[in-house]
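Here the structure is laid out as structure tokens; the discussion comes afterwards.
What follows draws every value from the coordinates through simple rules; no lab data is involved. Not measured: the values here are computed from a predicted model. Glycine also receives a Cβ, built like all others from the backbone with ideal geometry; neighbour counts cover every protein chain displayed.
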Amino acid sequence: MLMIEEQEIEEQKIEDVNNENMKQIAKVQSEKMEALGQLAGGIAHDFNNQLMSIIGNATMIQKTDDLARIKEYAERIIHISQSTSNLTKKILMFSKKESSINKPINLKSVMDNMYKMIDSIISKEIELSYSYGAMNKVILGDESQIESSIINLILNSKDSLDDSFGKIQIGTEDSVVISEMVLSHGEILKPGTYIKIYVKDNGVGIREEVLDKIFEPYFTTKNKTKGTGLGLSVVFGTVKSHSGAINVKSKTNSGTTFEVFLPVYKKTVKQNESLQKEIESNIIMLVDDDINVLDIEAEMLEDLGYDVIKFDSPMMALEYYNENNSKIAFSVIDISMPVMTGNKLFEYMKEVNENSFAIFITGYAQQTEYEELKKNGSIIIEKPFTSEELSTHIAKIYI
């Protein structure tokens, strides 16, 4: 009888553990759905505002014959569209799928320039100090993204301070990790040599119940005039896309320290073969599966003085190229297309003519595909782009 009771008690314990595990899973899932809801709401808010501005300016173009006003409205549309593009990049950065153009950069130079800029805009009431204490200087990354991330952390610290008695310390240290380290938010820092960037303040700190949510998109404790809530989530995505990790230390009324670990770049820079080449033909083959985009891209190229053969099907483009490759100066190819990707199309083109050359364009490319093209020395232009940007990239292939 005693054995049966002990067995029932043990079974009850197991059931209790299972129930607790199920509750934890449900809680995590609920928090994920809440974060997605915040993201969707924030995206809808920002996009609808920007679309309203675009539609409004386009409507005004329809209503006027004044060329000066038309030019002004068009310039507004271009500016707003570029702002919308930056928003999509932030969203992709949060999801850690943003394709960074990574190259060796001098982190000290980036931080020196950043400090000069931030020092001029931070209130003089705040005591700001900076020290580049790391011996290492070079990392592999995107200069603008790294600079933007550090500035985001500094501005986040600034908002937590009492202007009458505020301190922010910015600096770097060398960090050698021997074995895996578990950081805040479950981040795992792998063994290796890193440059640790720190931003430390003596502000109000972060409440424990808030700390776990600070990297969620559109989560913010600030009012609408002080930020969208994408700042720290973008920082998190940037650090992850640079093979780094971020750590946060904070207590209420005891300040906050953000630590960013970025791997030191020690490899010799691989020199790509020159992209410059003699081009006698004036014919460009343009391939993009979106017909609306294809037409405006063709007009841009024609405005630059080229004869354009355009295709919305990579299969039809390859068929044409098989017969006419000797007439083509170079091709402009969208990376992400159904049936056949731009990268695969170009591989087939190289089999037909080993001297084939292409400029790649993309609204969004998978990270591995993007990095593979960059390693091969390919020119990649991210949509949306202007005619001037297109012209600048084309100029790289001429002597």
Can you give me the distance in nm between label points at E127 and D290, each placed 7 Å from the Cα along the Cα-to-Cβ direction? 5.2 nm
Charges at C-beta only: +1 for Lys and Arg, -1 for Asp and Glu. How large is the resulting dipole of the range 103-263 about its Cα centre, in Debye rounded to 20? 140 debye
For K310, which sequence-distant residues (separation of 5 or more, or a different chain) have an amide H within less than 5 Å of its own amide H, given hydrogens modelled in the peptide plane? L286
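Before anything else, pin down the relative contact order of the range 103-263: Cα pairs under 8 Å, at least 6 apart, normalised by residue count, whole percent. Could you put the intermediate results ahead of the total?
Values: 303 pairs, mean separation 37.8, N = 161.
Over the range 103-263, the number comes to 23 percent.
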Please list, in chain and number order, the residues 5+ apart from K383 or on another chain whose amide H is under 5 Å from its amide H, with Hs placed from the backbone. T362, G363
Once amide H atoms are built 1.01 Å from N in the peptide plane, which residues 5 or more positions from I126, or in another chain, come under 5 Å H to H? none
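Output the direction-averaged projected area (hull surface divided by four) of the convex hull of the alpha-carbon atoms of the range 107-206, in nm².
Numbers: hull surface 27.4 nm².
Hull-based average projected area comes out at 6.9 nm².
About the Cα centre of the range 283-395, what is the dipole size in debye to 20, counting +1 per Lys and Arg Cβ and -1 per Asp and Glu Cβ, all else neutral? Write down the numbers at each step before the final one.
Details: 7 positive and 22 negative charges, 77 e Å.
Magnitude of the dipole: close to 380 debye.
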Too long at a 18 Å Cα-Cα cut-off: which of K116/K196; K137/K266; K103/K350; K167/K200; K108/K167? K116/K196; K103/K350; K108/K167
Expected unfolding gain across H185-S120 under the 0.36 nm per residue rule, minus the alpha-carbon gap, is 20.1 nm
